[in-house]
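What follows is a single structure, written as structure tokens, with notes after it.
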Amino acid sequence: VDAFQAWCGPCKTVVDLFRKIRNEVGSDLLHFAVAEVDSIDALEKYRGKCEPVFLFYTGGELVAVVRGANAPLLQKTILEQL
């Protein structure tokens, strides 16, 4: 989940990375979503930051968080979680 704020917008720079990885591993294993933290109370702790935050869930549980648009770290985290 790309957790973003309305004044900052979702992180467009990593969309291609997610598409590439999703094509490689299959769409059944990896799902990507965006969430505006200003309108979701459960994501309140991610408000007020000027960096993108990526939340990784498995079975409804938060399993990893990556702060910043660090493509190598995002790719590593995705592959580890899969």
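The values are calculated or read from the model by the stated rules, or taken from the named source; none is laboratory data. All figures in this text were calculated on a predicted structure; none of them were measured in a lab. Cβ sites come from the backbone with ideal geometry, for glycine too, and all protein chains shown count toward neighbours. Note: areas computed on protein heavy atoms with side chains; ligands, DNA, RNA excluded. Shrake-Rupley method; radii C 1.70, N 1.55, O 1.52, S 1.80 Å.
Per-structure values
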quantity	calculated
Test: residue in the stretch 61-71 that is among the charged types (D, E, K, R), open to solvent by 90 Å² or more (accessible area, probe 1.4 Å), modelled with pLDDT of 80 or more and over 12 Å from the mean Cα position of the chain (by Cα)	yes
Condition check for residue 48: more than 22 Å from residue 76 (Cβ to Cβ), open to solvent by 50 Å² or more (accessible area, probe 1.4 Å) and out of contact with any Ser or Thr (no Cβ under 9 Å at 6 or more places or on another chain)	yes
Residue within the stretch 4-18 that is loosely packed, with under 13 Cβ neighbours inside 10 Å and under 15 Å from residue 82 (Cα atoms) present	no
